[in-house]
Amino acid sequence: MAFHRITYHPTYRFATVHNYGCTFRCPICSYKLRSGADGRPGHAHPRPERFLAVEEIRAALRSVAPEKVYFMGGEPTVAAELPELLAFARDELKARTYLGHTNGSKLPLANLNGANVGLKAWDEAVHLAYTGRPRQPIFDNFAAAFRAGLEMKANVVYVPGLVDLDQVEAVAAWLAELSCDIPFHVMGYIPVPGQPYARPSSEQMDEAVRLCRKHLTHVAASHLTSQEALDLSARDDRFQVQRIA
(Lines give C-alpha, C1' and ligand atoms only; values in the text may rest on other atoms or scores of the structure.)
Protein backbone atom coordinates (compact mmCIF):
# COMPACT_ATOMS: atom_id res chain seq x y z
CA MET A 1 0.00 0.00 0.00
CA ALA A 2 1.16 3.57 -0.67
CA PHE A 3 -1.84 5.89 -0.21
CA HIS A 4 -2.20 7.25 3.30
CA ARG A 5 -4.36 10.40 3.28
CA ILE A 6 -7.30 11.89 1.38
CA THR A 7 -8.33 15.54 1.38
CA TYR A 8 -11.35 17.28 -0.13
CA HIS A 9 -12.15 20.85 -1.18
CA PRO A 10 -15.93 21.39 -0.91
CA THR A 11 -15.93 24.62 -2.92
CA TYR A 12 -13.92 23.38 -5.88
CA ARG A 13 -15.26 19.81 -5.57
CA PHE A 14 -11.93 18.00 -5.89
CA ALA A 15 -10.42 15.23 -3.79
CA THR A 16 -6.72 14.48 -3.49
CA VAL A 17 -5.33 11.04 -2.67
CA HIS A 18 -1.81 11.29 -1.24
CA ASN A 19 0.85 8.60 -1.53
CA TYR A 20 4.20 7.81 0.08
CA GLY A 21 7.40 7.05 -1.83
CA CYS A 22 9.05 7.93 -5.11
CA THR A 23 11.03 6.34 -7.92
CA PHE A 24 13.48 9.26 -8.14
CA ARG A 25 16.31 10.03 -5.71
CA CYS A 26 16.45 13.82 -5.73
CA PRO A 27 18.68 15.33 -3.02
CA ILE A 28 17.01 18.72 -3.48
CA CYS A 29 13.42 17.47 -3.19
CA SER A 30 11.31 20.16 -1.51
CA TYR A 31 9.59 17.52 0.62
CA LYS A 32 12.83 17.37 2.60
CA LEU A 33 11.89 20.80 3.99
CA ARG A 34 9.36 19.03 6.20
CA SER A 35 10.84 17.74 9.40
CA GLY A 36 10.92 14.07 10.33
CA ALA A 37 11.76 12.54 6.96
CA ASP A 38 13.29 9.14 7.54
CA GLY A 39 16.15 9.78 5.13
CA ARG A 40 15.77 6.57 3.13
CA PRO A 41 16.17 6.85 -0.66
CA GLY A 42 12.85 7.73 -2.27
CA HIS A 43 11.26 8.73 1.05
CA ALA A 44 11.56 12.46 1.66
CA HIS A 45 8.35 12.47 3.71
CA PRO A 46 8.03 11.06 7.24
CA ARG A 47 6.63 7.53 7.01
CA PRO A 48 2.86 7.53 7.62
CA GLU A 49 1.56 5.75 10.69
CA ARG A 50 -0.73 3.65 8.51
CA PHE A 51 -1.81 3.22 4.90
CA LEU A 52 -5.35 3.17 3.54
CA ALA A 53 -6.94 0.04 2.14
CA VAL A 54 -8.59 0.33 -1.27
CA GLU A 55 -12.07 0.02 0.25
CA GLU A 56 -11.31 2.85 2.68
CA ILE A 57 -10.31 5.04 -0.24
CA ARG A 58 -13.41 4.10 -2.20
CA ALA A 59 -15.69 4.83 0.77
CA ALA A 60 -14.09 8.21 1.45
CA LEU A 61 -14.40 9.28 -2.18
CA ARG A 62 -18.00 8.07 -2.42
CA SER A 63 -18.86 10.16 0.65
CA VAL A 64 -18.02 13.43 -1.14
CA ALA A 65 -18.69 12.53 -4.80
CA PRO A 66 -15.90 14.75 -6.20
CA GLU A 67 -15.93 16.14 -9.71
CA LYS A 68 -12.17 15.67 -9.95
CA VAL A 69 -9.79 13.25 -8.23
CA TYR A 70 -6.10 14.06 -8.00
CA PHE A 71 -3.39 11.57 -7.07
CA MET A 72 -0.23 13.09 -5.62
CA GLY A 73 2.85 12.14 -3.65
CA GLY A 74 5.66 11.58 -3.49
CA GLU A 75 5.20 9.85 -6.81
CA PRO A 76 1.64 8.51 -7.14
CA THR A 77 2.50 5.89 -9.74
CA VAL A 78 4.47 3.85 -7.19
CA ALA A 79 1.10 2.72 -5.77
CA ALA A 80 0.13 -0.69 -7.13
CA GLU A 81 -3.54 0.14 -6.54
CA LEU A 82 -3.48 3.30 -8.69
CA PRO A 83 -4.90 1.69 -11.88
CA GLU A 84 -7.81 0.21 -9.90
CA LEU A 85 -8.57 3.56 -8.27
CA LEU A 86 -8.37 5.44 -11.57
CA ALA A 87 -10.94 3.07 -13.03
CA PHE A 88 -13.15 3.46 -9.94
CA ALA A 89 -13.02 7.26 -10.10
CA ARG A 90 -13.85 7.35 -13.79
CA ASP A 91 -16.42 4.53 -13.95
CA GLU A 92 -18.29 4.81 -10.66
CA LEU A 93 -17.78 8.40 -9.55
CA LYS A 94 -17.82 9.80 -13.11
CA ALA A 95 -14.98 12.07 -12.00
CA ARG A 96 -12.10 13.43 -14.03
CA THR A 97 -8.77 11.99 -12.94
CA TYR A 98 -5.38 13.65 -12.73
CA LEU A 99 -1.88 13.12 -11.44
CA GLY A 100 -1.50 16.36 -9.51
CA HIS A 101 2.23 15.98 -9.88
CA THR A 102 4.32 13.14 -11.22
CA ASN A 103 7.83 12.52 -12.48
CA GLY A 104 6.34 11.00 -15.63
CA SER A 105 7.99 7.61 -15.27
CA LYS A 106 4.81 5.59 -15.94
CA LEU A 107 2.80 7.66 -18.40
CA PRO A 108 0.41 7.31 -20.11
CA LEU A 109 -2.12 5.44 -17.96
CA ALA A 110 -5.62 4.16 -18.68
CA ASN A 111 -8.53 6.10 -17.13
CA LEU A 112 -6.35 9.17 -16.63
CA ASN A 113 -7.47 12.56 -17.93
CA GLY A 114 -4.30 14.52 -17.35
CA ALA A 115 -1.02 14.98 -15.52
CA ASN A 116 1.33 17.68 -14.30
CA VAL A 117 4.86 16.42 -14.94
CA GLY A 118 8.02 17.70 -13.33
CA LEU A 119 10.65 17.72 -16.09
CA LYS A 120 13.83 17.94 -14.06
CA ALA A 121 16.53 18.81 -16.59
CA TRP A 122 17.40 18.63 -20.29
CA ASP A 123 21.00 17.35 -20.26
CA GLU A 124 21.39 13.66 -19.50
CA ALA A 125 24.26 14.19 -17.07
CA VAL A 126 22.32 16.80 -15.11
CA HIS A 127 19.21 14.61 -15.05
CA LEU A 128 21.17 11.62 -13.75
CA ALA A 129 22.86 13.71 -11.06
CA TYR A 130 19.51 15.19 -10.04
CA THR A 131 17.28 12.09 -10.08
CA GLY A 132 19.41 8.98 -10.44
CA ARG A 133 17.39 8.09 -13.55
CA PRO A 134 17.85 8.67 -17.32
CA ARG A 135 16.11 11.58 -18.98
CA GLN A 136 14.89 10.16 -22.29
CA PRO A 137 12.17 7.78 -21.02
CA ILE A 138 10.54 10.64 -19.10
CA PHE A 139 10.36 12.93 -22.11
CA ASP A 140 9.19 10.06 -24.32
CA ASN A 141 6.41 9.27 -21.83
CA PHE A 142 5.30 12.90 -21.72
CA ALA A 143 5.12 13.04 -25.51
CA ALA A 144 3.20 9.75 -25.65
CA ALA A 145 0.68 10.98 -23.07
CA PHE A 146 0.23 14.27 -24.92
CA ARG A 147 -0.31 12.50 -28.24
CA ALA A 148 -2.79 10.16 -26.56
CA GLY A 149 -4.94 13.18 -25.76
CA LEU A 150 -4.23 13.66 -22.06
CA GLU A 151 -4.39 17.17 -20.60
CA MET A 152 -0.69 17.72 -19.99
CA LYS A 153 1.09 20.37 -17.96
CA ALA A 154 4.78 20.61 -17.13
CA ASN A 155 6.96 22.30 -14.57
CA VAL A 156 10.65 22.71 -13.86
CA VAL A 157 12.55 23.75 -10.75
CA TYR A 158 15.11 26.43 -11.61
CA VAL A 159 18.21 25.64 -9.53
CA PRO A 160 21.12 28.00 -10.28
CA GLY A 161 24.28 25.93 -10.46
CA LEU A 162 22.42 22.70 -11.26
CA VAL A 163 19.39 23.31 -13.48
CA ASP A 164 20.58 26.57 -15.03
CA LEU A 165 18.81 28.87 -17.48
CA ASP A 166 20.00 26.87 -20.49
CA GLN A 167 18.35 23.76 -19.02
CA VAL A 168 15.10 25.56 -18.28
CA GLU A 169 14.89 27.07 -21.76
CA ALA A 170 15.75 23.78 -23.44
CA VAL A 171 12.86 22.05 -21.68
CA ALA A 172 10.49 24.85 -22.78
CA ALA A 173 11.74 24.63 -26.37
CA TRP A 174 11.18 20.87 -26.41
CA LEU A 175 7.62 21.28 -25.10
CA ALA A 176 6.94 23.82 -27.84
CA GLU A 177 7.75 21.18 -30.43
CA LEU A 178 4.70 19.29 -29.12
CA SER A 179 2.55 22.41 -28.68
CA CYS A 180 3.29 25.98 -27.71
CA ASP A 181 0.05 25.92 -25.68
CA ILE A 182 1.22 23.39 -23.07
CA PRO A 183 1.07 25.16 -19.67
CA PHE A 184 4.53 25.48 -18.12
CA HIS A 185 5.43 26.52 -14.58
CA VAL A 186 8.90 27.64 -13.52
CA MET A 187 9.47 27.14 -9.80
CA GLY A 188 12.29 28.88 -8.02
CA TYR A 189 14.41 26.45 -6.03
CA ILE A 190 13.78 26.47 -2.29
CA PRO A 191 17.07 25.67 -0.53
CA VAL A 192 17.15 22.24 1.10
CA PRO A 193 19.39 21.93 4.17
CA GLY A 194 22.72 20.30 3.40
CA GLN A 195 22.63 21.15 -0.31
CA PRO A 196 25.01 23.72 -1.90
CA TYR A 197 22.54 25.51 -4.16
CA ALA A 198 21.09 28.97 -3.55
CA ARG A 199 17.59 30.28 -4.15
CA PRO A 200 17.42 32.22 -7.45
CA SER A 201 17.08 35.99 -7.28
CA SER A 202 14.00 37.82 -8.55
CA GLU A 203 16.02 38.97 -11.55
CA GLN A 204 17.06 35.41 -12.35
CA MET A 205 13.44 34.26 -12.13
CA ASP A 206 12.34 37.04 -14.47
CA GLU A 207 14.96 35.96 -16.99
CA ALA A 208 13.88 32.32 -16.75
CA VAL A 209 10.29 33.29 -17.50
CA ARG A 210 11.37 35.56 -20.36
CA LEU A 211 13.34 32.77 -21.99
CA CYS A 212 10.48 30.29 -21.69
CA ARG A 213 7.99 32.76 -23.16
CA LYS A 214 10.08 32.81 -26.33
CA HIS A 215 8.75 29.29 -26.90
CA LEU A 216 5.51 28.80 -24.94
CA THR A 217 2.31 30.81 -24.64
CA HIS A 218 1.31 29.89 -21.09
CA VAL A 219 4.25 30.35 -18.71
CA ALA A 220 3.77 30.95 -14.98
CA ALA A 221 6.25 31.13 -12.13
CA SER A 222 6.47 30.82 -8.37
CA HIS A 223 9.29 32.02 -6.13
CA LEU A 224 8.47 30.86 -2.63
CA THR A 225 10.46 31.07 0.55
CA SER A 226 10.83 27.98 2.73
CA GLN A 227 8.17 29.27 5.12
CA GLU A 228 5.73 30.03 2.30
CA ALA A 229 6.23 26.54 0.86
CA LEU A 230 5.31 24.98 4.19
CA ASP A 231 2.02 26.91 4.43
CA LEU A 232 0.58 27.06 0.92
CA SER A 233 -2.98 27.47 2.23
CA ALA A 234 -2.11 30.99 3.37
CA ARG A 235 -1.42 32.00 -0.24
CA ASP A 236 -3.94 29.95 -2.24
CA ASP A 237 -7.43 28.91 -1.15
CA ARG A 238 -7.17 25.75 -3.26
CA PHE A 239 -4.99 24.37 -0.45
CA GLN A 240 -7.64 25.03 2.18
CA VAL A 241 -8.88 21.45 2.23
CA GLN A 242 -10.53 19.07 4.66
CA ARG A 243 -9.05 15.71 5.54
CA ILE A 244 -11.59 12.93 4.93
CA ALA A 245 -9.41 9.82 5.45
- Query: Out of all the residues in segment 21-40, is one or more in a helix (DSSP H, G or I), more than 14 Å from the chain's Cα centre (by Cα), modelled with pLDDT of 95 or more and not acidic (Asp, Glu)?
  - Reply: no
- Query: Taking interchain pairs and intrachain pairs at least six residues apart, which have beta carbon atoms under 7 angstrom, with the first residue in segment 204-218 and farther than 21 Å from Ile190 by Cα and the second outside any helix (DSSP H, G or I) and among the β-branched types (Val, Ile, Thr)?
  - Reply: Arg213/Val219; Leu216/Ile182
- Hey, could you check segment 91-150 for residues that are over 30 Å from Glu67 (Cα atoms), assigned to a loop (DSSP other than H, G, I, E, B) and without any contact (Cβ under 8 Å) to a residue 40 or more places away in the chain and say which is nearest to the chain's Cα centre (by Cα)? Arg135
- Task: Specify the residue that is surrounded by the fewest Cβ atoms within 10 Å (Cβ to Cβ); the eligible residues are those in segment 180-202 that are within 20 Å of the chain's Cα centre (by Cα) and not aliphatic (A, V, I, L, M).
- Result: Asp181
- Could you look through segment 49-79, keep only residues that are within 18 Å of the chain's Cα centre (by Cα) and more than 24 Å from Lys32 (Cα to Cα), and pick out the one that is surrounded by the most Cβ atoms within 10 Å (Cβ to Cβ)? Val69
- Message: Which condition from (1) without any contact (Cβ under 8 Å) to a residue 40 or more places away in the chain; (2) under 18 Å from Trp174 (Cβ atoms) is the one that Glu84 breaks?
- Response: (2)
- Note on the structure: Checking Ala125, Ala115, Ala143 in turn, the sole residue that is small (Gly, Ala, Ser), out of contact with any Cys (no Cβ under 9 Å at 6 or more places or on another chain) and under 19 Å from Glu81 (Cβ atoms) turns out to be Ala115
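The values are calculated or read from the model by the stated rules, or taken from the named source; none is laboratory data. In this text, all values refer to a predicted model and were calculated from it rather than measured experimentally. Because the Cβ atoms are built from the backbone with ideal geometry, glycine has one as well, and the counts that use them run over all protein chains shown.
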